[in-house]
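A short write-up of the structure that comes next.
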Amino acid sequence: MIQRIQSLYLLLAAIISIVVLFLNIGTIYTDEFMYTYTCFTVKEACPGCSHILGTYYIAGGLICSALLSIATILLFKKREKQRQLNSVNMILYLIVLIIMLYVYPNIVFVKKGILASPDDLQFNYWILLSLVPAILLYLSNRAIRKDEELIRSTERLR
């Protein structure tokens with residue numbers, strides 16, 4: 001089960017999704033305040049300050065993606081279902097990335113008055129780590145497809 005390369009890709013994707021969950025996505029600098037933008041909330045940077053806006057959809061999507069990756073690992077005997085579940089996971093993860101990196105900063109924060117312009121948000125460089133699970137999910141899907149083709153070719157030889 002875990003010795004297959006696609007299982008390793010999926011396990012790494014799940015681990016990195018959980019790590020991204022706890023990263024600081026960025027910092028918002030305005031004239032009066034400084035806010036931190038995480039997967040759970042947008043809050044003022046001072047200690048003990050309350051949150052301004054909840055961004056729980058990002059956290060929920062990352063948790064669902066990690067759980068889907070683990071569920072896909074456990075379906076190692078059903079390769080077709082594994083590939084379908086992995087495709088759903090790729091779509092979910094890409095939607096989460098779009099929400100995290102585009103929708104919240106460019107639409108929601110501007111509409112709520114947190115940002116005057118999208119240029120006020122300084123992304124953390126570690127957020128580039130969030131692109132790695134999407135690549136790993138794609139590689140695992142390719143490995144599952146290659147594994148399925150190998151099984152089909154051996155069945156033809158019988």
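What follows draws every value from the coordinates through simple rules; no lab data is involved. Quick caveat, the model's predicted, so the values are computed rather than measured. Methodologically, a virtual Cβ is constructed for each residue, glycine included, from the backbone with ideal geometry; neighbour enumeration extends over all protein chains shown.
Could you point to the residue in 125, 140, 109 farthest towards the positive end of the chain's charge dipole, with +1 and -1 charges on the Cβ of Lys/Arg and Asp/Glu respectively?
The residue sitting farthest along the positive end of the dipole is 140.
Residue 81: which lysines have alpha carbons under 20 Å from its alpha carbon, excluding same-chain residues fewer than 8 sequence positions away?
Partners found: 146.
Let me have the relative contact order for the chain, percent, based on Cα pairs under 8 Å that are six or more residues apart. Don't skip to the end; give the middle numbers.
Details: 211 pairs, mean separation 50.0, N = 158.
Relative contact order here is 32 percent.
Counting only residues 5 or more places away or on other chains, whose amide H sits under 5 Å from the amide H of residue 43 once H atoms are built in the peptide plane?
It is 36, 38, 52, by chain and number.
Give, rounded to the nearest 20 debye, the magnitude of the charge dipole that the chain has about its Cα centre when Lys and Arg contribute +1 at Cβ and Asp and Glu contribute -1 at Cβ.
The calculated dipole for the chain is roughly 1160 debye.
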